[in-house]
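Undergrad: Dropping a structure here in structure tokens format, bear with me for questions.
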Amino acid sequence: RCRFLIWTNLLNYRTMANEFTELLRRIFTDIEVELTDEFDNNFTRQAFFTEKWARRKSPVNQDKGILAGKGKLRKSIRVSRKGNKLTFFSSLPYAAIHNDGGVIKVTQRMKRYFMARYLKARGSMSHRKNGTLRNNRSNARLSAEAEFFKAMALMKVGKEIKMPRRRFMGNSPEVEAAIREIVAENLMEYFRSIEFK
């Protein structure tokens, strides 16, 4: 009889351990889903929760949101779980400079890229039959873009360009509050489901 009681208690501990493991799995899954949604929403908000992103200085893509482009950065956010650790990351090489801000040094390759963009913008401008440029909104926009690209192409190699911080993922009071709420909800649900005898 004594052995039976001990065995029964061991079974209860195993059941509790399994329930606790399942509880942790649900908590981590809920955190992953919630924070993935929130980090994605930062691109819609054009802010890291309530911290507004610095406005764009260049005339390029003024009709699009900041960090919008083709949406690669927004779609690149991934989550990795190892044990009891969740890591949110982006493997894009330019993700860190946008998220944390910093300094970029002008390279010869960058200068060639900007010169190509300048030539493309100039070539896209519409002309009248006599060869003069049309006076329309499209040409005004392309002209502003062309001048920006030309200025970038003419920068000296090694010059530093300061990139403002535009965080889209990371820790914040909002993130901590969301995690606390998820943990509390899951714990309350777990305790409500326990049958006390």
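Undergrad: Would a scan of segment 26-42 turn up a residue that is basic (Lys, Arg) and touching a residue at least 24 places away in the same chain (Cβ under 8 Å)?
TA: yes
Undergrad: Consider Gly102 carefully, then state whether it is at positive phi and over 15 Å from the mean Cα position of the chain (by Cα).
TA: Against the criterion (at positive phi and over 15 Å from the mean Cα position of the chain (by Cα)), Gly102 qualifies.
Undergrad: Right, something else. So in segment 126-158, with the set limited to residues that are open to solvent by 80 Å² or more (accessible area, probe 1.4 Å) and basic (Lys, Arg), which one is farthest from Gly101 (Cα to Cα)?
TA: Result: Lys129.
Undergrad: Right, another one. Could you run through segment 105-125 and say how many residues are open to solvent by 50 Å² or more (accessible area, probe 1.4 Å) and either in contact with a Leu (Cβ under 6 Å, 6 or more places away or on another chain) or at positive phi (or both)?
TA: Count: 1.
Undergrad: Next question, about the same structure. From the list Ile194, Ile161, Ile182, pick out the single residue that is open to solvent by less than 40 Å² (accessible area, probe 1.4 Å) and farther than 25 Å from Lys72 by Cα.
TA: Ile182
Undergrad: Take the residues of segment 89-101 that are of a type in the set (A, V, I, L, M) and assigned to a helix (DSSP H, G or I): which is surrounded by the fewest Cβ atoms within 10 Å (Cβ to Cβ)?
TA: Among residues in segment 89-101 that are of a type in the set (A, V, I, L, M) and assigned to a helix (DSSP H, G or I), the one surrounded by the fewest Cβ atoms within 10 Å (Cβ to Cβ) is Ala96.
Undergrad: Can I ask one more? Give all pairs with beta carbons closer than 7 Å in which a residue from segment 168-179 that is open to solvent by 30 Å² or more (accessible area, probe 1.4 Å) meets a residue that is assigned to a helix (DSSP H, G or I) and modelled with pLDDT under 95; count only pairs at least 6 apart in sequence or on separate chains.
TA: As it stands, the answer is Ile179/Ile31, since those pairs meet every condition given.
Undergrad: Which is over 28 Å from Phe48 (Cα atoms) and of a type in the set (A, V, I, L, M, F, W, C), of Met115, Met169?
TA: Met115
Undergrad: In segment 172-188, what residues are farther than 24 Å from Lys52 by Cβ and aliphatic (A, V, I, L, M)?
TA: Scanning segment 172-188 gives Ile182, Val183, Ala184, Leu187, Met188.
Undergrad: Answer yes or no: is there a residue in segment 77-88 that is assigned to a loop (DSSP other than H, G, I, E, B) and closer than 30 Å to Ala144 by Cα.
TA: no
The values are calculated or read from the model by the stated rules, or taken from the named source; none is laboratory data. Since the structure is predicted, the reported quantities are computational estimates derived from the model, not experimental observations. FYI the Cβ positions are ideal-geometry reconstructions off the backbone, even for glycines, and counts take in every protein chain you see. All accessible areas refer to the heavy atoms of the entire protein, side chains included, with ligands and DNA or RNA removed. Shrake-Rupley method; radii C 1.70, N 1.55, O 1.52, S 1.80 Å.
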